[in-house]
Amino acid sequence: MILARYERMIARRYLLPGRGEGFIFLVASISLVAVMLGVAALIVVMSVMNGFRAELFDKIVGLNGHAVVQGYGGRLDNWQAIAEQARKTPGVTSATPLIEQPLLAIFNGRVEAALIRGMTESDIRENSALGSKLVAGSLDSVRAGSGKVAIGSRLAENLGVNVGQTISIINPAGRSTPFGTVPRQLPYEVGAIFEIGVYDYDKAFIIMPMEDAQLLLLMGDQVGMVEVQTVDPDRVGEILAPLAKQVEGKALVIDWRQMNSSLFEALQVDRVVSFVILSLIILVAVFNILSSLIMLARAKTRDIAILRTMGATWRGLLRIFVTVGLAIGATGTLAGAALGFIILHFRQGILDGVQFLTGQQLWDPSIRFLTTLPSKPDPVEIVGICFMSIGFSFLATLYPALKAANTDPVQVLRYE
């Protein structure tokens with residue numbers, strides 16, 4: 001929208017408070033601040049929701065794979081052939097055996113529920129979800145026959161155990177004797193402590209070599225499942241459809257969406273609801289712009305009439321008031337985007353400060369799954385939010401701009 005020189009001058013004067021127009025300026029300033037806060041809140045919340053989903057996806061899928069081929073009853077016979085079939089499936093990048101079994105861990109009289117996870121030695125050392133999250137010890141020490149395991153940080157904290165100390169793991173399904181089933185209890189030294197960042201994993205997981213897990217669970221050469229990685233996790237169902245038909249009757253193919261469907265669906269619903277609710281803040285701010293422009297048009301009725309008699313066009317007056325409203329909305333939007341980025345940059349410090357001042361734990365990892373507040377700004381989404389705010393501001397200027405442009409100078413100046 002190109003303005004003439006006089007239109008720019010008048011719009012600039014209308015943006016500044018004149019004599020007796022302090023209240024109009026106050027309402028316009030409140031409108032600007034409201035737009036700024038609304039845009040900042042929307043950017044922060046949507047970025048945090050995006051980060052929450054991305055962090056959960058990276059950590060859950062990074063540790064569990066894109067899908068698993070799971071045997072009936074938790075036992076998978078002839079897993080070597082199934083793994084080979086999976087590797088030959090187009091779109092599959094890797095297929096590795098895996099064992100998962102809930103058992104009990106004991107240390108100095110403390111008993112905690114644990115999830116035993118048997119993995120190949122190469123998978124233990126090459127898994128980025130484990131290697132980059134070590135708190136103490138080394139994954140190189142976790143080798144078959146070494147009697148060493150890696151455990152989650154929360155589980156280590158609950159048991160009160162450190163690297164180098166020995167825990168006992170109990171398998172209730174032990175060997176049968178004439179006196180009944182005797183639980184199997186074996187000692188393991190803690191070789192490493194990791195913190196993945198997902199509370200449920202950190203409080204339960206015990207990682208050990210595949211051979212040690214088979215010995216503990218009396219599984220022989222069996223495994224529980226085969227973990228599969230694909231080229232595209234969003235197309236995992238389509239990629240693994242042929243494999244599901246090949247193993248039908250022997251095993252089930254379960255992808256990451258089925259394993260965590262309720263969690264990711266809840267996140268998507270929360271994301272949509274948050275967007276709609278926070279958009280209302282911007283809408284309320286836009287109504288403030290509307291009211292301030294209406295008051296400005298009424299206060300400037302005589303000036304507008306004089307401008308019309310001096311040759312100002314209907315379109316010129318329309319552009320002046322639209323420019324005033326858009327200037328308020330655009331300035332508030334840009335300030336809100338800047339404030340949003342500042343809040344996102346210092347989000348963890350702000351959260352810790354609020355928790356310290358209130359004495360309340362606002363981010364409980366046992367409820368939120370993650371140990372820290374995540375963030376992942378989406379440039380396309382942020383641009384969309386800014387355009388939405390400016391678009392609402394433009395719509396709010398139309399009524400007062402049309403009202404001012406349609407002012408009849410004859411009626412206004414009749415008795416002057």
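The values are calculated or read from the model by the stated rules, or taken from the named source; none is laboratory data. As the structure is a computational prediction, the values presented were derived from the model and not from experiment. Glycine gets a Cβ as well: all are built from the backbone with ideal geometry, and neighbour counts include every protein chain shown. Ligands, DNA and RNA are stripped out before the accessible areas are found, and what is left, the full protein with its side chains, is counted by its heavy atoms. Shrake-Rupley method; radii C 1.70, N 1.55, O 1.52, S 1.80 Å.
Quick one: if the Förster radius is 51 Å, what FRET efficiency do Asn108 and Leu26 give, using the C-beta to C-beta distance and rounding to 0.05?
The pair Asn108/Leu26 has a calculated efficiency of 0.15.
What spacing in nm lies between the two simple spin-label points modelled at Met388 and Leu357, each 7 Å away from Cα in the Cβ direction?
Going by the 7 Å Cα→Cβ label model, 2.8 nm.
Membrane-span-like helices in the chain: DSSP H runs reaching 20 Å or more (Cα, own axis), mean Kyte hydropathy at least 1.6?
Helices meeting the criterion: 22-64, 261-299.
Kirkwood hydrodynamic radius (Cα pairs, Å) of the stretch 179-233?
14.5 Å is the Kirkwood radius here.
Using a ≥ b ≥ c from the Cα gyration tensor of the stretch 56-114 (square roots of the eigenvalues), is it rounded, prolate or oblate, where a/c under 1.5 gives rounded and otherwise the larger of a/b and b/c decides, a/b for prolate?
Oblate.
Rank Val380, Ala67, Ala285 by how far each Cα sits towards the positive end of the charge dipole of the chain (+1 on Lys, Arg Cβ; -1 on Asp, Glu Cβ) and give me just the farthest.
Projecting each Cα onto the dipole axis, the largest value belongs to Ala285.
Among Thr333, Thr313, Thr120, which one shows the biggest mean-square fluctuation in a GNM of the chain, springs joining Cα atoms closer than 10 Å?
Thr313
Could you give the dipole magnitude of the stretch 231-352 about its Cα centre, charging the beta-carbon of Lys and Arg +1 and that of Asp and Glu -1, in debye to the nearest 20?
About 920 debye.
Once neighbouring chains are kept in place and the probe is 1.4 Å, which whole percent of the accessible area of the stretch 55-144 is contributed by carbon and sulfur?
Carbon with sulfur: 48 percent of the solvent-accessible area.
Report in % the part of the accessible area of the stretch 253-377 that belongs to carbon and sulfur, leaving out ligands and nucleic acids; probe 1.4 Å.
Carbon and sulfur: 65 percent of the exposed surface of the stretch 253-377.
Could you calculate the FRET efficiency of Glu157 with Lys245 from 1/(1 + (r/R0)^6), where r is the beta carbon distance between them and R0 is 35 Å, rounded to 0.05?
Using R0 = 35 Å, I get an efficiency of 0.20.
With all protein chains present and a 1.4 Å probe, how do Met310, Met208, Met9 order by accessible area, largest first?
I get Met310, Met9, Met208, largest accessible area first.
The stretch 192-259 to the stretch 110-148: how many Å between their Cα centroids?
The distance from the Cα centre of the stretch 192-259 to that of the stretch 110-148 comes to 15 Å.
Expressed in nm to one decimal, what extension gain is obtained for the pair Leu395 and Ala136 from 0.36 nm per residue of sequence separation less their Cα-Cα distance?
Stretched out fully, the Leu395 to Ala136 stretch lengthens by 87.4 nm.
Please give the per residue volume of the convex hull enclosing the alpha carbon atoms of the chain, rounded to a whole number of Å³.
Taking only Cα atoms, the chain has a hull volume of 191 Å³ per residue.
How much area per residue is accessible in the chain when the probe is 1.4 Å and only protein heavy atoms are counted (Å²)?
50 Å²
Which residue, chosen from Ile170, Ser153, Ala337, occupies the Cα position most advanced towards the positive end of the dipole of the chain, where the dipole is computed from +1 (Lys, Arg) and -1 (Asp, Glu) charges on Cβ about the Cα centre?
Among Ile170, Ser153, Ala337, the one farthest towards the positive end of the dipole of the chain is Ala337.
When the chain is fully extended, how far beyond the present Cα-Cα distance does Thr313 get from Arg12, taking 0.36 nm per residue of separation?
Contour length minus Cα-Cα distance gives 106.6 nm.
In deg cm²/dmol and to the nearest 500, what is the mean residue ellipticity at 222 nm of the chain if only DSSP H runs of at least 4 residues count, each as -39500 (n - 2.57), divided by the residue total?
It lands at -18000 deg cm²/dmol.
Take the alpha carbon atoms of the stretch 290-358, find their center, do the same for the stretch 24-78, and report the distance between the two centers in whole angstrom.
Measuring centre to centre over Cα atoms gives 30 Å.
Taking 0.36 nm per residue of separation and subtracting the Cα-Cα distance, what length does fully extending Ala338 through Ser262 add?
Gain on extension, Ala338 to Ser262, equals 23.9 nm.
Dipole of the chain, Cα-centred, from +1 at each Lys and Arg C-beta and -1 at each Asp and Glu C-beta, to the nearest 20 debye?
2120 debye
Distance in nm between label sites at Leu280 and Thr166, each 7 Å beyond Cα in the beta-carbon direction?
Label at Leu280, label at Thr166, 6.2 nm between them.
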